[in-house]
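First comes the structure, then the notes that go with it.
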Amino acid sequence: MKKFFLFTVIALMLALVGCGNSEPTSEPKEKIEGVPEEIQNDVKIAVIRNLPSDDHTKQFLDGARSEGESFGFKVDTFISDGDDAKFQDLVKQAIQKKYDGLIISHGKEAYSKDLIQMALDADIKVVTFDTVADNDGITSTVQDDHELARLSLDEIAKLSEDGKPVRVIKLWLGGIPPLDSREEVYQQYEKDGKLETLETIGPANMQNVQGDVSASVSSILGKYKEGSVDAIWGSWDELAKGGFNALKDNKRSDIDLISIDISNQDINLMLEDGSTWLSTAAVDPQLIGIMNMRLLSKKIAGEETPSDYKLEPRLIKQEDLTDSTNMTNLGDVIEGWGTSDDFNEEWMKKLRDR
């Protein structure tokens, strides 16, 4: 009996020692009134982009990350450099890691629907940007690419003399959904006799878009004497930067450049002495990331979201810019730039203000 009593006491002492050495339990998070319960859990988001790490990509990711982190989310970002196989692997890995939500950017039509369905079947919320997929339950976001093309091509059309078609070197790359949409408008302007395409140039190396395009444009400029080309149209600013460098290297100040998309680098090039980069049509890439994160947050909160959402572009002219203009203060000279109150719910404001 004494042995049993002694054994019991020792066991109790060991149990107490064990409890004393155990990790302290974390304090439960203080709940914020008026904020959906689902949002106040530990939310993990993956943002996966199927493009190179260019300025537009960095700003897009920064927008998504900053907005998500302001809500208290853990946000991880991934870039596949335009490698479709790598992109699909990144999405599949995110599904296996059980993220709460995915923002998928620039997935190709050939595989995106099946890939996204895998995420939805795993109860992961999905918002896409510039991705061709029509799965039920997702929100597909795009820039208004037709309007981007119209804004930029109208500026090219204004270069016409006596109603003649403007002679254009087109910088374009097929197989990328937004660029394909912009091409639809370009073809209409061509059909209407507003443009004459002299050359179409695109990169062969997606890891060096600017350098590749610059070399290609330089190689054909010698064919065209001064005054025989009116403009270069850059359907994406990475292409446009390559075209600009080629014009500069070959001292071709007779050719104007008009583009789509914008970055700090683009602004600096537009402001260079003697620059012929006259204008660009763009949506703030940081705002795109922000809006995608807001939409995904609403989905996680169980709130209604539209199946499609378009971001409206602005035209930015060289004459609008000052020496102090950059992506942060561009809204000072371009009305409506970089701001939107769409989907900015009261509970989101509470999370930012806590």
Condition check for residue 111: surrounded by 14 or more Cβ atoms within 10 Å (Cβ to Cβ) and either basic (Lys, Arg) or part of a helix (DSSP H, G or I) (or both):
yes
Being in a loop (DSSP other than H, G, I, E, B) and either in the same structural domain as residue 289 (by TED's automatic domain parsing) or more than 23 Å from residue 149 (Cβ to Cβ) (or both) is the filter here; which residues of the stretch 314-332 pass it?
322, 323, 324, 325, 326, 328, 329
Does residue 134 satisfy the condition of being assigned to a loop (DSSP other than H, G, I, E, B) and either without any contact (Cβ under 8 Å) to a residue 40 or more places away in the chain or buried (at least 23 other Cβ atoms within 10 Å of the Cβ) (or both)?
yes
In the stretch 269-317, which residue that is polar (S, T, N, Q) and surrounded by fewer than 18 Cβ atoms within 10 Å (Cβ to Cβ) is nearest to residue 254 (Cα to Cα)?
275
Taking the stretch 72-93, which residues are within 14 Å of residue 207 (Cβ to Cβ) and assigned to a strand (DSSP E or B)?
79
Return the only residue of 103, 169 being more than 19 Å from the chain's Cα centre (by Cα) and assigned to a strand (DSSP E or B).
169
Okay, helices (runs of 4 or more DSSP H) sitting entirely in the stretch 185-303 with 2 or more residues that are more than 30 Å from residue 71 (Cβ to Cβ) and touching a Gly at 6+ places or on another chain (Cβ under 9 Å), I get 209-221, 237-249
Inspect the stretch 339-354 for any residue being in contact with an Asp or Glu (Cβ under 8 Å, 6 or more places away or on another chain), outside the structural domain of residue 268 (by TED's automatic domain parsing) and farther than 30 Å from residue 32 by Cβ and give the result as yes or no.
no
Would you point out which residue out of 319, 312 is closer than 23 Å to residue 153 by Cα and without any contact (Cβ under 8 Å) to a residue 12 or more places away in the chain?
319
Does the stretch 286-303 include one or more residues that are within 30 Å of residue 230 (Cα to Cα), in contact (Cβ under 8 Å) with a residue 24 or more places away in the chain and within 22 Å of the chain's Cα centre (by Cα)?
no
In the stretch 319-354, how many residues are farther than 17 Å from residue 295 by Cβ and buried (at least 17 other Cβ atoms within 10 Å of the Cβ)?
7
Report every pair of residues separated by at least 6 positions or lying on different chains whose Cβ atoms are under 7 Å apart, first residue within the stretch 90-114 and touching a residue at least 12 places away in the same chain (Cβ under 8 Å), second assigned to a helix (DSSP H, G or I) and of a type in the set (Lys, Arg).
101/299
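The values are calculated or read from the model by the stated rules, or taken from the named source; none is laboratory data. Given the structure is predicted, the values throughout are model-derived calculations rather than measurements. Virtual Cβ from ideal backbone geometry, glycine too; neighbours counted across all protein chains shown.
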